[in-house]
1. With each pseudo-label sitting 7 Å past Cα toward Cβ, what's the S652-I202 distance in nm, one decimal?
2. Give the long-range amide H neighbours of T736: residues separated by 5 or more places, or on another chain, with amide H under 5 Å away, using H modelled in the peptide plane at 1.01 Å from N.
3. In whole percent, and with a 1.4 Å probe on the protein chains, what portion of the accessible area of segment 574-705 is carbon and sulfur?
4. With every protein chain kept in place and ligands, DNA and RNA left out, what is the accessible area per residue of segment 719-784? Probe 1.4 Å, answer in Å².
5. By how many nm would the segment from E836 to Y666 lengthen if fully extended, with 0.36 nm per residue of separation less the alpha-carbon distance?
6. Roughly to the nearest percent, how much of the accessible area of segment 246-287 is carbon and sulfur, given a 1.4 Å probe?
7. Mind listing the long-range amide H neighbours of R585? Cut-off is under 5 Å, sequence gap 5 or more, other chains count too, H placed in the peptide plane at 1.01 Å from N.
8. Would you calculate the separation in nanometres between label points at D542 and Q67, each defined as 7 Å from the Cα along the Cα-to-beta-carbon direction?
Amino acid sequence: MSSSSAQDPSPISSPTAVTLWEGVKRRAGIIATIAVFLLALAAMQHLLRDFHYHQIIAQLKSLSAKQLLIGVFCTVGSYWALTFYDLSALRYVGIKLPYRLIAFASFTGYAVSNNIGFALISGGSVRFRLYSAAGVSAGDIARIVVFAGVTFTAGLFGIGSFAFLIAPGELGPVAHIAPPMASALGGIALALVLATLVTAAINRRPIRIWRLRIAVPSPRMVAAQILISGVDIALAAAVLYVVLPPLTGIGYWGFLGLFSIALLLGVVSNVPGGIGVFESVMLLGLHRTDSAGVLGGIIAYRAIYFLLPLIVAGILLAANELLWRKPGRMAQLRVVGLAGSRMAPPFMAALVFVAGVILLISGAAPETEWRLDILQDVVPLSVIEASHILGSLIGLALLVLARGLYRRLDTAWYISVVALANAVIVSLIKGLDYEEAAIFAVISAVLISCRREFYRRARIIDLRISVGWLLAIGGVLGGIVWLTFFTTKHVEYSNELWWQFAFSEDAPRSLRATFLIVIVMVVFGLSHLLRPTPVQPHLPTDTEMNAVRRILKGAARPESNIVFLRDKALLFNDTQTAFIMYAVRGRSWVALGDPIGPENELPELIWRFREMCDRVGGRPAFYQVSADTLPFYLDVGLTPIKVGEEARVNLSEFSLDQPGRKDLRYSVRRAEREGLTFDVVPRAEVLTVIDELRTISDTWLETRNTTEKRFSVGAFDPDYLSEFDVAVVRVNGRITAFANIWMAAAGRQAAVDIMRFDPMASSYTMEFLFTKLLLWAKREGFEWFGLGVAPLSGLAGRDLAPVWQRLGALIFQAGERFYNFRGLRLFKDKFKPTWEPRYLVCQGGLTPVGVFSDTAALIAGGLRGVWLK
C-alpha cells in the first residue's frame, strides 16, 4: 500500500507542545511534594537545633516492653477498624464478598498507602488489583475508594471537633490560638460533620464527581463510617501517645486534636506517610515537651504503625502465594490467591524501596558503641569501612530496582534477591545491626516466594526510570543528607575529617557514604535523562514484513492478517517471534488487537509497548482485545472498556438443513434462480479481476457517501487484496459482490474483511455471499469463521452499569444516523453466531475520551471521516 495516500493516518508522531505540557503537569505534583518534604526537613532542623542525636536514641532505649506491646495492640485494633471501611463501602455499592478477601484487601492496601503516600492513588491501585480479581467492576472500585476517602475525612473532622471542644484550653496554646478560638474551630468542624449527615438524610440524588455518579449513602451508613473512622484515628493516636515521653500541659484529648491536625496536613501534603510534615507539626505543637524525646517517640510510632504492618502484609502475601499454588488445598482462598498475585509486584516494589531507605538511613546514622566494640575484636577496620559504603550503595540500588520489580522484570527480581542477601551480611558487618538484617531477611523470603509474578525477560540496563521516580529518589537522598548533617552537627568540620578512619569515627563514615551515594545518583540520573530518544515509529519495511509472514504461519486468529494493510507501525520482541501493530494520533498510541505470537511472549510485549508510550508521554491503548488476555492488561495498569462483540460461527454446527435456517435457505434458492453464482478467486489471480473489484468498491463508497476506512478494517488496495483469496458473486459472468478472506491455518479459523457489492445487485446478494462462504470454509476444513465486530453491541444500559457502557448503549440505540449499529447486528444474527466481547483497554479517569476520539479518527481516516457513514 502506498504511504502517500491522503487518507493514510501515518503512525509517525513526535512530542507536541500539548504532550510536553502534560508531562510538566504530571511532574509538577511530584516536585511540589518534594518541596514540601524539604521545607518540613528545614523546619525540623530549626526545631531540633539545640538537641543531640543521642538524646533521640536514649528515648528509644527507654521504651519498656509494656509500652511496645500496648502500641502493637492499638495498631492491630486500628487496622482491624480499617477493614470496616471497605466492608461498608462494598455494602454501599451493593457487592458481597468474603470477609477474608475484604480484610486482605484493606490491610494490604493501607499497609502500602500508609508507607508510600498518595493514599487515593496507591490505595485505589491496590483495591483495583484485588477487587477486580474478584469480579468487581472498575466503576464500583472507584466508588469504593471515593466512599472510603470521604468518610475518612468526615471521621477525621468528627474526632478532631470533639477534641477541640473537650480540651480547648490544651489545644489553644498548642495551636498558638486562644481557647475560645479553639472551641470555635471545633464547632465549625462539628458543623461540617453534621452537615454531611443532614445532606445524606435529605438529598437522595446522586452526586457527580467527574464521570462517576456517586449515590448518596444513608445517614445510618454515614454515621457508622464516621464512628469507624473515629475509632481508627483514636487507636492510631494511642500508638504514638503511649511511646512518647510524659507530655507537659496536654492530656490525651488535647493530644488527639493535635494528632488529627498533623494527620490531616500529612495527608494533604501527599508526602509518603506524611513524613517530615507530620513530625514538624507534632514537634511544634509539643514544644513544651523535650523535642528529642518527641522525635524518638515518633520514630518508634512509625516503626510500629507503618513498618511492622508492611512487613506483616508481605509475610501474608508470601503465605498466600505458597498456599494458592497447592491444588486442592485451601481452595476457598482461590479468589484471594488471584488477588494477591496481582498485588505482588507493586507490593514487593514498596517493600524493596523501604529496604533501600532503611539501608541509607543506617549509613547516615552513627553506629552503637557497644556493637562496634564487639566487632573491633573480630572484623578489620578496612572491612567495616568498606561495608558501610557498600551498604549505602546497596540501599541506593534497591531504590532503583524497586522500579524494575514494579515492572515485573525477572532480572530486577534476581538482582534484588542478591542485593537483599548482601544487605543482611553488610548490616551485621558494619555495625552488628541484627534488627535490620532480620528485616532484610524477611523481605528477601517474601520476594523469593513471589518469583512467578516476575515473568518479564528483559535486561535491567534497558529499564527506563521515569523522571517522577528519579525525583522521588532525589527526595529520599535529600532526607538522608539532612540526617547526616543532623547526626554530625556536634562534630567540628575540617578537610581532614574525610580521611579519618577509626572504629569510633562515625561522622567521617557517614559523610563519605552520603557523598558517594549522592555522586552516584547524580551520575545515574544524568546518564538516564541524557539517554538517546527511542526511534520514532515508522511504517513497516520489507524486512519487517518478512518477519511478520513467519510469525503469521503460527497465528491462531485470522484478524492478524490486517497487518498486510501496512498502515501501522510494528513493535517486535527481541527474537522477532511476536509483534504488536499500532498507530499514533495526537497523544494516543493505539495498538490493534492483542499481540500476535506465542502466548508466553504477550505479557512482555504489552509491557514494552506501555513503557514506550510512557517515554514519550503518550496514552497507551489496545483496541478490540479479547477477554482471555485482560489479566495481562490489568497487570500494566490499564482499564478495560467493552466496545462491542465479535460474531464467530461454529462451522461444525452450520448447515442449511438445520431448523431455524429457513430464511437463509429461501435467500440462497431465490438468488440462484436469479442467476447468482459463487466462486473463490485464488490470491494468485486476484490482480486479474482487480479492475472489476475497484469499480464495485468505488460505486459502493459513492452510493453510501462515505470514505475508505482503515486501521481496524481493511481498505481497497490492490497490494493488500492480492495477499488473500477473494470470494465473489457473479451474475452472467460479471462480478457484483466480493469479500476478501482472512485465514489462520494454525488455528483452523477464517474471517471476512472487506465486504462490498454493486448497489444495483440483487437484494439477496449479501446473504447468498455469506452463506456460500461459510459452506466453502466448512468444506476447506476450517472450524470457526469470523463475521467481524458489531461496534457497541452487547453493552449494558442499566443505571448501575459503568458510565462508558451506558454511553455506548445509548449510542447503539440512537446512533443510526451515523452508523448502522442495529442493522449490522441483526444481519450477522441471521447466521446464529457466538458473540464474544471485545474491549478497549487504556488508562482510567478521563483518558478514554481522548482515546476514543483518536481511535475513531484513525479508523475513519481523520475527524471528517468520523461524521460520514
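The values are calculated or read from the model by the stated rules, or taken from the named source; none is laboratory data. In this text the structure is predicted, and so the values were computed from the model without any measurement. Every residue, glycine as well, gets a Cβ built from its backbone with ideal geometry; the counts of neighbours run over all protein chains shown. Accessible surface areas use protein heavy atoms only, side chains included; no ligands, DNA or RNA. Shrake-Rupley method; radii C 1.70, N 1.55, O 1.52, S 1.80 Å.
1. Computed distance between label sites S652 and I202 equals 6.6 nm.
2. V729, R730, V731
3. On segment 574-705, the fraction of accessible area on carbon and sulfur atoms equals 45 percent.
4. On a per-residue basis, segment 719-784 sits at 36 Å².
5. 58.4 nm
6. The nonpolar share, carbon plus sulfur, comes to 77 percent.
7. When sequence neighbours closer than 5 places are left aside, the close amide H contacts are V590.
8. 8.0
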